[in-house]
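Coordinate-derived values only; no laboratory data. These numbers come from a predicted model, not from an experiment. Methodologically, a virtual Cβ is constructed for each residue, glycine included, from the backbone with ideal geometry; neighbour enumeration extends over all protein chains shown.
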Amino acid sequence: MSTQARTRTRELRNARAAAEERRKKRNRLITAGGGMVIVLLLAAIVISLVNAAGNAEPQNDAAARGGTAAQGAAAAPANATAGGALSVGNAAAPVKLEVYLDYMCPFCGRFEQANSAELERLVADGTVRLELYPLSFLDRMSSGTEYSTRAANAVATVADQAPGKLLAFNAALFADQPAEGGQGLSDDEIAGLAREAGVPQEVVDTFTRRTFESWVASSTTAVFATGISGTPTVKINGVTFEGDLYTAGPLTAAVTAVKGS
């Protein structure tokens, strides 16, 4: 493994450790104030339902947001593909691995926990060209804060301006993943995770400009139009992987088999 790859792996490990410590602290606070959290959460859900009924918005945020984005050209990250992915790794790698995810999706968190270290290794050794699709269809599960969009925009910003830190930041967001139905991480918390993952401050400072918000919305719409129906979805050289996504090993074995074929 190259020095650059070892550096990225170390940053990834440090980001995970910091996020895990923060998660433990947050859980202690949640336990101490459990009753109040439940009351506030119920109130937030009621308010959200009332607002949703009043505005008569569709259930699918991807369709609702994407319709607006489609009316104008969306600024895209420098390394974005035509299909709405963020490309990581050697373009000539023998295996193209597509991962469709939403940062509010708990199953995506499980996938990341099981496979992120192996994906990092496969990208670093030139086996895999990784294409990440950061989607925003679970905005409706963050009590009106549009967490999926904000997180995906931050990831797209890092991909555009500090691509070497993308995988570490992606892992940090999942290591500190908020629960569905809450407000998600704040902008300050997202920025903190980015800094811990090694993203330069001048890049972090641009997150709140939401430069790639429309790109995220239009990409989400385009992805669902292709037949993708949920996250995580993983494709190996264009073929959907039907194996175990939540245990380390099966995906790596499938990638290795495709590489050798």
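Within the range 234-253, restricting attention to residues that are touching a residue at least 12 places away in the same chain (Cβ under 8 Å) and not in a loop (DSSP other than H, G, I, E, B), which residue is surrounded by the most Cβ atoms within 10 Å (Cβ to Cβ)?
Among residues in the range 234-253 that are touching a residue at least 12 places away in the same chain (Cβ under 8 Å) and not in a loop (DSSP other than H, G, I, E, B), the one surrounded by the most Cβ atoms within 10 Å (Cβ to Cβ) is Leu251.
Show me the helices (runs of 4 or more DSSP H) found entirely inside the range 183-233 where at least 3 residues are buried (at least 18 other Cβ atoms within 10 Å of the Cβ) and of a type outside the set (Phe, Trp, Tyr).
Fully inside the range 183-233 and qualifying: 187-196, 213-225.
Given the condition farther than 20 Å from Ala194 by Cβ and assigned to a helix (DSSP H, G or I), answer yes or no: does some residue in the range 81-102 qualify?
Among the residues of the range 81-102, not one is farther than 20 Å from Ala194 by Cβ and assigned to a helix (DSSP H, G or I), which makes the answer no.
With the checklist (1) over 22 Å from Ser214 (Cα atoms); (2) in contact with a strand residue (DSSP E or B) (Cβ under 8 Å, 6 or more places away or on another chain); (3) surrounded by fewer than 23 Cβ atoms within 10 Å (Cβ to Cβ); (4) not acidic (Asp, Glu) in hand, flag the one item Gly126 doesn't pass.
Unmet for Gly126, out of (1) over 22 Å from Ser214 (Cα atoms); (2) in contact with a strand residue (DSSP E or B) (Cβ under 8 Å, 6 or more places away or on another chain); (3) surrounded by fewer than 23 Cβ atoms within 10 Å (Cβ to Cβ); (4) not acidic (Asp, Glu): (2).
Results for (1) farther than 17 Å from Leu173 by Cα; (2) free of Cβ contacts under 8 Å to residues at least 40 places away in the same chain; (3) among the basic types (Lys, Arg), shown as yes or no for each residue.
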| position | (1), (2), (3) |
| --- | --- |
| Val95 | yes, no, no |
| Val99 | no, no, no |
| Ala117 | no, no, no |
| Ala124 | yes, no, no |
| Arg129 | yes, no, yes |
| Leu132 | no, no, no |
| Met141 | no, no, no |
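For Ala179, only one of the following conditions fails: (1) surrounded by 19 or more Cβ atoms within 10 Å (Cβ to Cβ); (2) part of a loop (DSSP other than H, G, I, E, B); (3) touching a residue at least 40 places away in the same chain (Cβ under 8 Å). What is its number?
Every condition holds for Ala179 apart from (1).
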